[in-house]
1. Starting from the Cα-Cα distance between Glu52 and Arg34, subtract it from 0.36 nm times their residue separation and give me the gain in nm to one decimal.
2. Taking trypsin sites (Lys or Arg not before Pro) that fall in a DSSP loop and have at most 10 other Cβ atoms within 10 Å as cut points, what is the longest piece of the chain between them?
3. Excluding ligands and nucleic acids, what accessible area in Å² is computed for Val110 using a 1.4 Å probe, to the nearest 10?
4. Probe of 1.4 angstrom, ligands and nucleic acids ignored: what's the accessible area per residue over the stretch 1-124, in square angstrom?
5. Output the Cα-based Rg and Dmax of the chain in Å, rounding Rg to one decimal and Dmax to a whole number.
6. Counting only protein heavy atoms and using a 1.4 Å probe, what share of the accessible area of the stretch 10-141 belongs to carbon plus sulfur, as a whole percent?
7. Starting from the stretch 40-141, pick out the chymotrypsin sites (Phe, Trp or Tyr not before Pro) whose DSSP state is loop and whose Cβ has at most 14 other Cβ atoms within 10 Å.
8. Please name whichever of Ala25, Ala8, Tyr73 sits farthest to the positive end of the charge dipole of the chain, dipole taken about the Cα centre and charges placed at Cβ: Lys and Arg +1, Asp and Glu -1.
Amino acid sequence: MNDLAIRAAASADLDAVLAFWKVAAEGISISDDRDGVERLVVRDPGALILAERSGELAGTVIAGFDGWRCHLYRLAVHPDQRRQGVGRALLTAAEERFVQLGGRRGDAMVLNRNELAHHAWHAAGYAPEPQWSRWVKHLKD
């Protein structure tokens, strides 16, 4: 894993990230467009974290901090790179970012049906909180 490079995304990376999510992420989100991801990178330049191996995108995570809570989104690892420490390296980078920003607890958005992800999140020390549910209202189609 020592050939894995972890870095924050830049605007020049966004088209590659969007294409990567179509291959590696579980489903597509309403926010998966160039404008939405660029707003994230401009507003919070360190939030979108990339893992690269041999110059190729191997994984992503969004580590968003709103000043109060630490939120993890879009942990995605290329299918050919899974079970090689990419996800763990991304989560370590995200957690280090949160600590530097003053965060005290991270939470993750994980699809109920994504059993593979459940195992990965559990192995990283995360657990579901059954007393919570996600309530959503789409603000724009």
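The values are calculated or read from the model by the stated rules, or taken from the named source; none is laboratory data. Computed from a predicted structure; not experimentally measured. Cβ: placed from backbone, ideal geometry, glycine included. Neighbour counts: every protein chain shown. Side chains included, ligands, DNA and RNA excluded: accessible areas come from the protein's heavy atoms. Shrake-Rupley method; radii C 1.70, N 1.55, O 1.52, S 1.80 Å.
1. Between Glu52 and Arg34, full extension yields 4.5 nm more.
2. Excluding the exposed sites themselves, the longest stretch runs over 1-82.
3. 50 Å²
4. Values: 7260 Å² over 124 residues.
About 59 Å² of surface per residue is accessible.
5. Looking at the chain, its Cα Rg and Dmax stand at 14.5, 42 Å.
6. 53 percent
7. Trp68, Trp132, Trp135
8. It is Tyr73.
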